[in-house]
1. Do the alpha carbons of any pairs in 189/281; 190/281; 167/303; 254/303; 58/254 sit beyond 20 Å of each other, and which pairs?
2. On average, how much accessible surface per residue is there in segment 166-265, in Å², for a 1.4 Å probe, leaving out ligands, DNA and RNA?
3. Can you send over the carbon and sulfur percentage of the accessible area for segment 113-261, probe radius 1.4 Å, protein chains only?
4. When the Karplus curve 6.51 cos²θ - 1.76 cosθ + 1.60 is applied with θ = phi - 60°, which whole-Hz ³J(HN,Hα) does each residue of segment 201-217 get, with x for Gly and Pro?
5. Which whole-Hz ³J(HN,Hα) couplings does segment 331-338 yield from phi under the Karplus relation 6.51 cos²θ - 1.76 cosθ + 1.60, θ = phi - 60°, glycine and proline marked x?
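The values are calculated or read from the model by the stated rules, or taken from the named source; none is laboratory data. Note that the coordinates shown come from a computational prediction; the quantities given were computed from them, not determined experimentally. Note: areas computed on protein heavy atoms with side chains; ligands, DNA, RNA excluded. Shrake-Rupley method; radii C 1.70, N 1.55, O 1.52, S 1.80 Å.
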Amino acid sequence: MTGQNGSNGRIRGTGRRRKESSRRRRATVVAAWTVAGVVVVGGTGLGYAYFKLNGNLKAVDINAALGKNRPADVDNGSQDILVLGSDSRSGANSEYGRDEGTARSDTAMVVHLNQGHRTASVVSIPRDTLVTRPDCTSDTSGETVPGQQRAMFNTAYEVGGPACAVKTVESMSGIRMDHYLEVDFTGFKKLIDQLGGVEITTTQAINDSKSHLNLTPGTHTLDGEQSLGLVRTRKSVGDGSDLGRIQLQQAFIKALMEQAKTVGVFSDPKTIFGLADTATKAITTDSDLGSVKELTGFANGLKGLGSKNVHMVTLPVQYDPADPNRVVPLEKSAQQVWAALKQDKPIPASAIEKSAGDKGGAGQVVR
């Protein structure tokens, strides 16, 4: 079990970052939104493809794992989804790092779909956020894993799998997660390539030796491998921090959602089938979404949502006074964010204005 000084790299842009994490991080969040984007814009058309590909889906019964000791299930038409990327290096993902036999949550986002599903708020939770992790049940041994104070957020998935990650988010926010979605590295690359690449515009040159990405200022169409490089980029943008990289990813995700609308998803059966085949092989869902029927119904409810209606923020945090390589939530501001989601209202600007996560300096590098 990893404690507050676990094996993940530094969060700040200064100092020496540990080698283990330098080539492994940050792609899965975009993979998750690639899937989400495909599902969102596909609507009924994707139902045709998913019907033939039901066997690709993997599902976890979160409800059975967590039981009844959870926040209330508020039935007001809104939904909350934990979107997670794991950093397992097994199988095809081994090219991104050494397989250590376990996985951690690379990046996590709470996606709140407002009533009517015409707008959404997305709260990114930095992986190095120190939180109080609740008691969980190991998804491998079935044994109880004691809770821990000042545990890095991403250790929840490491010690207890998806159910523990959901339980930790619910403990932090007081909000019940209606659904769970997880994606891996290789699925991300294939989805980008299936989409024909993603067009982005850079406002400055990016030359990053760690991510191996070199881009001049201007408009580019990135393939899957280049997109992986972009979402790994840290040192050469903004203040060089992981918080800045989250801003970069958020800008890229919006470009990705727009790109999905331009590739014939609505009308081209071949495109639909290829995207659906790749997407269903790449994702793990909660059991309520783990069938063609349920996933298609979910997609139909989202097809009116566009990137301009998605408000993305990072959980309000500050650098930990005891460890500058970690962050801790700004409790008052964080509670403002969670309260807005609970009340199905927009996140107020005042909730994030003092956050270190809002000052990464990379938000305008990609558009």
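1. Working: 189/281 12 Å; 190/281 10 Å; 167/303 29 Å; 254/303 15 Å; 58/254 26 Å.
The answer is 167/303; 58/254.
2. Details: 3290 Å² over 100 residues.
Spelled out: the 1.4 Å probe surface of segment 166-265, per residue, equals 33 Å².
3. Values: 2160 of 5020 Å².
Summing carbon and sulfur atoms, their accessible area is 43 percent of the total for segment 113-261.
4. Values, residue by residue: 10, 9, 8, 8, 5, 10, 9, 10, 5, 6, 8, 6, 10, 10, 10, 7, x Hz.
5. For segment 331-338, the Karplus curve yields 4, 5, 5, 4, 5, 5, 5, 5 Hz.
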